[in-house]
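The values are calculated or read from the model by the stated rules, or taken from the named source; none is laboratory data. Worth saying up front: this structure is predicted, and the values here are computed from it rather than measured. No Cβ is skipped: glycine too gets one built from the backbone with ideal geometry, and neighbour counts run over all protein chains shown. Keep in mind that these areas ignore ligands, DNA and RNA; they rest on the heavy atoms of the full protein, side chains included. Shrake-Rupley method; radii C 1.70, N 1.55, O 1.52, S 1.80 Å.
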Amino acid sequence: MKSSLSIETKLPTHGVSVFSQIAALAARYNAVNLWQGAPNYSPDQTLIDSATEAMKAGFNQYSAMTGVATLREALTEKIATLYGTRYDPETEITITAGGSEAIYATIAALVKQGDEVIFFEPAFEVYEPVVRLQGAKPVPIQIPLDRLKIDWNEVAAAVTPRTRMIIVNTPHNPTGIVMEDEDIAALTAITRDSNIIVLADEVYEHVIFDGMEHRSMCRYPELAERSVVVFSLGKTYHVTGWRIGYCVAPADLTSEIRKIHQYLVFSAPTPLQVAVAKEVSRPESYQRLRGFYEQKRDILTQALSTSRFKLRPSHGSFFVLASFDHFSDLNDFDFAKQLLVEKGVGTIPLSVFYGHGAETGMIRLSFCKDDETLREGGRRLSTL
Ligand code: GLN
């Protein structure tokens, strides 16, 4: 059916999410899934049992708009232990329908028409359209693919009196870079005495390798007082389809974010919040992630060691970039399509992480997959 209405699209340069597009193609070619940042293994049975018990115990209606109290309280303790800042569960922590909803609510609440928002490309696909929907101007700063380091001089030069927000993402999807002390120092200096909000996407906080430390904005009082920090429960507990995440921010920022959150979803799924609350108080459940995923990164790296791909170092997240431009002239979209059709492997062309396209010569591989999938994917890619 097609309506006879005239519709002016609010997102003229956006189509269906690349994640949905690749899902359809991957299903058609029965491809090994190295594309999506979603695990293909189950969460702990105890978590599933807890969710079932919560449903049987009657936790099936809306939770508090701000989230289940026991979960918010457990998160206060966790963040205080890990990052040294005590967020008030009543006024500074909000449980959301995934990290993406937290990002949407934060930008919608705090960015106005005419504002400018700085973020870093390649970028996760949610930031730019949400900025645009507010009538604000997206200001992408390029992360050079040969160095994979943020050039903070370029950021400083991009700041204007209209800059309302800087969006950072550490560990970073899709490059796997993580912020270090010099990045924190530069961000602190650039935002000092300004009215700039920092939106920190830290959904991969526990997925960090090579002995590196996660530098959460929550750790640094000067940054914390101007930051909204977004975390994911789905990524930490292998339940990305449960759609639960949370954001923490000073009370005045939180109260604005909640004004949007309450009209978007009102509350995140209640029984799933109840189930996860128990896990949050058991540090082992997230402490083991770093070793678990480091091993998976290494299995994929090993499986590709005799391939023609050049892998970039990944210090965190579920992802590693692989370059192919030294042996193929295809653009990355056609190259990823070739891998699907001819090799039966789904990957993501890096150009989709750019608002205006880009010639990258790289694909993103996801290693949050069972070991057999990683080995099989590596084997197929090595026949190229
Ligand atoms: N964040 C994940 C990724 O980057 C999944 C996104 C999605 O499937 N919508 O792959």
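Output the residues belonging to the stretch 12-35 that are within 16 Å of the ligand (Cβ to nearest atom), part of a loop (DSSP other than H, G, I, E, B) and touching a helix residue (DSSP H, G or I) at 6+ places or on another chain (Cβ under 6 Å). First the steps, then the outcome.
Going residue by residue through the stretch 12-35, those that are within 16 Å of the ligand (Cβ to nearest atom) are 14-27, 31-35.
Now drop any that are not part of a loop (DSSP other than H, G, I, E, B), which leaves 14-17, 31, 34-35.
Of everything in the stretch 12-35, those that are within 16 Å of the ligand (Cβ to nearest atom), part of a loop (DSSP other than H, G, I, E, B) and touching a helix residue (DSSP H, G or I) at 6+ places or on another chain (Cβ under 6 Å) turn out to be His14, Ala31, Leu34, Trp35.
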Could you run through the stretch 124-144 and say how many residues are out of contact with any strand residue (DSSP E or B) (no Cβ under 7 Å at 6 or more places or on another chain) and on the phi < 0 side of the Ramachandran plot? 7
Arg72 fails exactly one of the following numbered conditions: (1) within 16 Å of the ligand (Cβ to nearest atom); (2) crowded, with 16+ Cβ neighbours inside 10 Å. What is the number of that condition? (1)
Scan the stretch 215-267 for residues that are closer than 20 Å to Lys78 by Cβ, within 16 Å of the ligand (Cβ to nearest atom) and of a type in the set (Gly, Ala, Ser) and jot them down. Ser232, Gly234, Gly245
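Can you spot a residue in the stretch 54-66 that is more than 30 Å from Ala303 (Cβ to Cβ), in a helix (DSSP H, G or I) and open to solvent by 40 Å² or more (accessible area, probe 1.4 Å)? Give the derivation first.
Quick first cut of the stretch 54-66, residues more than 30 Å from Ala303 (Cβ to Cβ) only: 54-66.
Cutting the leftovers down to in a helix (DSSP H, G or I) gives us 54-56.
Pick out the ones that are also open to solvent by 40 Å² or more (accessible area, probe 1.4 Å) and you get 55-56.
Scanning the stretch 54-66 turns up at least one residue that is more than 30 Å from Ala303 (Cβ to Cβ), in a helix (DSSP H, G or I) and open to solvent by 40 Å² or more (accessible area, probe 1.4 Å).
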Go through (1) under 25 Å from the mean Cα position of the chain (by Cα); (2) modelled with pLDDT of 95 or more; (3) among the hydroxyl-bearing types (Ser, Thr, Tyr) and name the single condition Ser285 misses. (2)
Can you pull out the residues in the stretch 38-53 that are of a type outside the set (Val, Ile, Thr), part of a helix (DSSP H, G or I) and out of contact with any helix residue (DSSP H, G or I) (no Cβ under 7 Å at 6 or more places or on another chain)? Gln45, Asp49, Glu53
Criterion first (in a loop (DSSP other than H, G, I, E, B), within 26 Å of Asp370 (Cβ to Cβ) and in contact (Cβ under 8 Å) with a residue 60 or more places away in the chain) does Val276 satisfy it? no
Filtering the stretch 73-88 down to residues that are farther than 16 Å from Pro283 by Cβ and free of Cβ contacts under 8 Å to residues at least 60 places away in the same chain yields Arg86
Within the stretch 1-53, work out how many residues are open to solvent by 80 Å² or more (accessible area, probe 1.4 Å), hydrophobic (A, V, I, L, M, F, W, C) and more than 30 Å from Gly176 (Cβ to Cβ). 3
Which of the numbered conditions does Val130 fail, given that it passes all the others? Conditions: (1) within 16 Å of the ligand (Cβ to nearest atom); (2) touching a Leu at 6+ places or on another chain (Cβ under 6 Å). (2)
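Would you pick out the residues in the stretch 351-384 that are assigned to a helix (DSSP H, G or I), within 16 Å of the ligand (Cβ to nearest atom) and touching a Gly at 6+ places or on another chain (Cβ under 9 Å)? I'd like the intermediate steps shown before the answer.
Residues of the stretch 351-384 assigned to a helix (DSSP H, G or I): 351-353, 371-382.
From what's left, within 16 Å of the ligand (Cβ to nearest atom): 351-353, 373-374, 377.
Across the stretch 351-384, the qualifying residues are Ser351, Gly377.
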